[in-house]
Amino acid sequence: MNLPSKHLEELVEHFSSLPGIGKKTALRLVLNLMKRDSDDVKSFANSLDLLHENIASCTNCGNLTDKELCQICLQPNRLNDLVCVVEDIRDIMAIEATQQFSGHYHVLGGVISPMDGIGPADLNIEHLIERLVKGSISEVILALNSSMEGDTTNFYLFRKLSQFPVKVTTLSRGVAVGTELQYADEITLGRSIVNRMPFDFNLVKK
């Protein structure tokens, strides 16, 4: 794509580096920004700066937050002995929308994917083990996407967790195989949480 300005080309490259954004869409976004007034553009750029500088991972669960602990971890009515393991913040948002889960979360930051060079050491697994060592958790729900990578990660975690006196469950198959949690409807996802099953039983049934 030949663009008349190196500044325009640079910004298009930045936008197109985002997932799901091609060069044509990136150009449309940049041209839209150019039509906005100076204050709008400065506010946009300032928000990006603040995002990078002030948002970090919750020290307890790994959720995104602008404080030490996220809003969910700070809620006093949450069940401290129940932890739901998810891939990223989008899954937390999907589960929270069901209003069927009252425990805490643990964000892995991805799933095991050898094809992408992602192994167990690249995920937030050791901190989950540290939380279990403290002995305050009685149940861990494995709520990863029903894919080859998600199932591989579930099985790895199940083996790691088996050394602890903790109940390990997974979502019931109300969520269709291959469906990402963030795209499941709230009623189906909510029922899958309520009707969760022991993880080892789920493996046998596959």
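The values are calculated or read from the model by the stated rules, or taken from the named source; none is laboratory data. Keep in mind that what you see is a predicted model, and the values were worked out from it rather than measured. Quick reminder, even Gly has a Cβ in these numbers, built from the backbone with ideal geometry, and neighbours come from all protein chains shown.
Restricting attention to the stretch 24-40, report how many residues are under 16 Å from His7 (Cβ atoms) and surrounded by 13 or more Cβ atoms within 10 Å (Cβ to Cβ).
Selection size over the stretch 24-40: 5.
Which residue, of Ile125, Ile118, Ile129, Ile137, is of a type in the set (Val, Ile, Thr) and free of Cβ contacts under 8 Å to residues at least 12 places away in the same chain?
From the options Ile125, Ile118, Ile129, Ile137, the qualifying one is Ile118.
I'm trying to understand the selection: among the residues of the stretch 60-75, which are in a loop (DSSP other than H, G, I, E, B), within 15 Å of the chain's Cα centre (by Cα) and on the phi < 0 side of the Ramachandran plot?
Answer for the stretch 60-75, where residues must be in a loop (DSSP other than H, G, I, E, B), within 15 Å of the chain's Cα centre (by Cα) and on the phi < 0 side of the Ramachandran plot: Asn60, Cys61, Asn63, Cys70, Ile72.
Taking into account only those residues within the stretch 1-19 that are in a loop (DSSP other than H, G, I, E, B) and not polar (S, T, N, Q), which is modelled with the lowest pLDDT? Explain how you work it out, then say what you get.
Filtering the stretch 1-19 down to residues in a loop (DSSP other than H, G, I, E, B) leaves 1-5, 17-19.
Now narrow it down to the ones that are not polar (S, T, N, Q): 1, 3-4, 18-19.
Numbers: Met1: 60, Leu3: 72, Pro4: 76, Leu18: 91, Pro19: 88.
The residue in question is Met1.
Looking at the stretch 117-149, which of its residues are at pLDDT below 90 and out of contact with any helix residue (DSSP H, G or I) (no Cβ under 8 Å at 6 or more places or on another chain)?
Within the stretch 117-149, Lys134, Gly135, Ser136, Ser146, Ser147, Met148 meet the criteria.
Do you know which residues across the stretch 59-78 are over 20 Å from Glu130 (Cα atoms) and either among the charged types (D, E, K, R) or surrounded by 14 or more Cβ atoms within 10 Å (Cβ to Cβ) (or both)?
Thr65, Asp66, Lys67
Could you tell me how many of the residues in the stretch 153-167 are of a type in the set (Phe, Trp, Tyr) and without any contact (Cβ under 8 Å) to a residue 40 or more places away in the chain?
1
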